[in-house]
Amino acid sequence: MISKEQIESVVNAADIVDVIGERVDLRRSGANHKAACPFHDEKTASFMVSHAKQIFKCFGCGVAGDSIKFIMLYENLNYPDAIRLLAARYGIEIKESFSYQNHNKTDDDKKETMRSAMKLATEFYHQNLLNEIKNENSKFTQYIKERGLTEEDCKIFKIGYAPDKWHALKENIKFKDIDDKLLIEVGLRKQNEKGNIYDLFRNRLMFPVFDILGNVIAFSARTLDDEIQPKYVNSPESTIYKKSKVFFGFYQSKDTVRKTHSMILVEGNMDMVSMFKNGFTNTVALCGTAFTEDHAQTMKRNADNINILFDGDVAGKKAAFRTAELLISNGMDPKIIILPDELDPDTFLKIRSRSELDNLLAKGIGFIGMFFLTYDKSNMNASNRIKIIDKIFESLGRLSNLSESKVAAFLKEASDRLGIGEESLKKDFETFRKSKKSNYRSKAPQIEPTEKYVCDKKDLFEFNILYLMLSDKKVCSEYLRTIDESYFLNHEATQLYMKFYELYEEGESINLNNILVDFDDKFKDFFIDYTASQEGVFLADIDEGDEVGLEIKIDQAFKDSFKKIKLRFFKREIKKLYDELKFTSDDVENEERIMKEIAEIKSQEIEIGNS
């Protein structure tokens, strides 16, 4: 469990421009920053980030929030994990208390317990490896050397060794108090049909799989003897591990990926490690599964240039082509690298050189180019042209999310290569689509429907007042001096105003992070979205650096809203006094008092109305 105080420390430390700017190409636009939205496809940048308010909003798809919400969406994390990631980014230590006993645990507590068990296992296997390689004559040490792994490589990736024992984990004192049920659930131990429990990984080279936070969530374990099958034993999926959402090595490569906006995708763990140690530190690998839609979305969020570097055999080429199709369907334009002699990247780097691989990466083959790999000018006859066209049409027909402009670009490239008319090829493709009744459709962004906070329209101007208070210290001070919470009718607006007052009286900083800390997610999302919308409208016609123009606009908005809330308050007070008057027919003194109060309020009402 993360305490409220620790959350506040993280929220106040995280600068939203830095957080988003590390992942998205932000550009200054007046008082704010803009970018193409990372959550939907768009040609014109409509994603706005406000440094002053510490919020973001896309005016295209409507998504909005603070730095934590952005991390949750971008990194596909829950709220506690988003806090943990930002805490690590800003050097804030998060102290959490939990036990391995399953009593009254939240879902997050359970995940943390599982991750803690995996951390202990990683340390156990890694220390075993370090101890084992001290013996230069052992079979394990010889195997490590044959694979080209150094001690430094093993430390970077926390590679380990699982001893050839059935109960190595439970024999270790650190696992003494951990329930077997948890170890089975996380995939470290297994129970057979007879009820016997034993270690899943035995006499294997252990490759830990890290999540984006640096937690070990799974293992990929390779046999030391190729005659023993299966060659790889992988952790089963669990609460903390979904193999279709994770890349092996992404935790180690993410800084380079985000710096260069490029990724190299390989198939195996050793391919990834070998690429990394040879300087290709933007490489990631699949975790023993086919490439998925989730993988494609992760790549799209983090990179513009993607190279697919699978094994050079027939199976590798087919897998590379299927991967390219899925990436293209998600709006990317990957390149495929074909290794000679059916080599895999690890072997290629051992028997060839890095410079040779650099040359191959520079000559990556585009999607349409894949269809021409087995043909050259000498065999480009009419029959082979038809075969190529059929394959291109079939592939494009499968890419249901592809835009019309992208289809047109692919068909133009194909027509140029084939030496046939572009318009003719387009017509043939239209005929193909109709005949196959393809599910082809252009891609449109879809936002998942979520339960939202609903505000009555008549209450919106109360939130406009709160926006102005957030925007200008002078305005905030004036409102806090001249009105109180009784002027507000909306419950959340009232609570928010009182939070402003509390922070003001305590001399604390007033910002979105501080005032929203006690509200639920629905209201947070609403007010952040409202603030971002107001920011976009309010600053639309203000030039960058025009402080005088901004001050005039804020002052006018303050006068208008102040007048409106005062007049509404006076009407309510007058109504209440008239209602009270109905019950004072026999009390002349009280009646005179009420009439006097009504007169005074009406006088103030006229004064405010004429101002």
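General observations
- Taking the criterion of being polar (S, T, N, Q) and in contact with a helix residue (DSSP H, G or I) (Cβ under 7 Å, 6 or more places away or on another chain), the only residue of the stretch 542-583 that qualifies is S561.
- In the condition set (1) free of Cβ contacts under 8 Å to residues at least 60 places away in the same chain; (2) closer than 14 Å to M275 by Cα; (3) open to solvent by 70 Å² or more (accessible area, probe 1.4 Å), V314 is compliant with all but (2).
- Filter result for K254 (open to solvent by 40 Å² or more (accessible area, probe 1.4 Å), over 24 Å from T113 (Cβ atoms) and assigned to a helix (DSSP H, G or I)): no
- In the stretch 32-54, the qualifying residues are those that are of a type in the set (D, E, K, R) and assigned to a loop (DSSP other than H, G, I, E, B), and the one that is least open to solvent (accessible area, probe 1.4 Å) is K53.
- Of residues in the stretch 344-357 being in contact (Cβ under 8 Å) with a residue 40 or more places away in the chain and part of a helix (DSSP H, G or I), the one farthest from the chain's Cα centre (by Cα): K350
- Qualifying residues in the stretch 279-311 (those that are in contact (Cβ under 8 Å) with a residue 60 or more places away in the chain and closer than 14 Å to L361 by Cβ) - the one most open to solvent (accessible area, probe 1.4 Å): G279
- Among residues that are on the phi > 0 side of the Ramachandran plot, open to solvent by 70 Å² or more (accessible area, probe 1.4 Å) and more than 36 Å from the chain's Cα centre (by Cα), D341 is included.
- Unmet requirement for T584, which otherwise passes all of (1) more than 30 Å from A493 (Cβ to Cβ); (2) in a helix (DSSP H, G or I): (2)
- Residue within the stretch 358-376 that is open to solvent by 50 Å² or more (accessible area, probe 1.4 Å), of a type outside the set (S, T, N, Q), over 34 Å from the mean Cα position of the chain (by Cα) and modelled with pLDDT under 90 present: yes
- The stretch 134-160 - residue that is under 25 Å from L188 (Cα atoms), open to solvent by 30 Å² or more (accessible area, probe 1.4 Å) and without any contact (Cβ under 8 Å) to a residue 60 or more places away in the chain and, of those, farthest from the chain's Cα centre (by Cα): E151
- Qualifying positions in the stretch 584-611 - within 27 Å of I565 (Cα to Cα), free of Cβ contacts under 8 Å to residues at least 24 places away in the same chain, open to solvent by less than 70 Å² (accessible area, probe 1.4 Å) and β-branched (V, I, T): I594
- Condition met for V454 (among the hydrophobic types (A, V, I, L, M, F, W, C), under 24 Å from S533 (Cα atoms) and in contact with a helix residue (DSSP H, G or I) (Cβ under 6 Å, 6 or more places away or on another chain)): no
- Subset of the stretch 55-80 (residues that are assigned to a helix (DSSP H, G or I) and either at pLDDT below 90 or open to solvent by 10 Å² or more (accessible area, probe 1.4 Å) (or both)): K69, M72, L73, E75, Y79, P80
- Residue in the stretch 219-240 that is in contact with a strand residue (DSSP E or B) (Cβ under 9 Å, 6 or more places away or on another chain), farther than 23 Å from M72 by Cβ, crowded, with 16+ Cβ neighbours inside 10 Å and without any contact (Cβ under 8 Å) to a residue 24 or more places away in the chain present: yes
- Looking across the stretch 187-209 at every residue that is open to solvent by 30 Å² or more (accessible area, probe 1.4 Å) and not in a loop (DSSP other than H, G, I, E, B), the one that is nearest to K139 (Cα to Cα) is identified as Y198.
- Single residue of the stretch 1-31 satisfying the filter (hydrophobic (A, V, I, L, M, F, W, C), in contact (Cβ under 8 Å) with a residue 60 or more places away in the chain and not in a helix (DSSP H, G or I)) that is surrounded by the most Cβ atoms within 10 Å (Cβ to Cβ): A14
The values are calculated or read from the model by the stated rules, or taken from the named source; none is laboratory data. From a predicted model like this one, the values you see are computed outputs, not experimental measurements. When we count neighbours, we look across all protein chains shown, and the Cβ atoms used for this are built from the backbone with ideal geometry, even at glycine. For accessibility, only protein heavy atoms count, side chains too; no ligands or nucleic acids. Shrake-Rupley method; radii C 1.70, N 1.55, O 1.52, S 1.80 Å.
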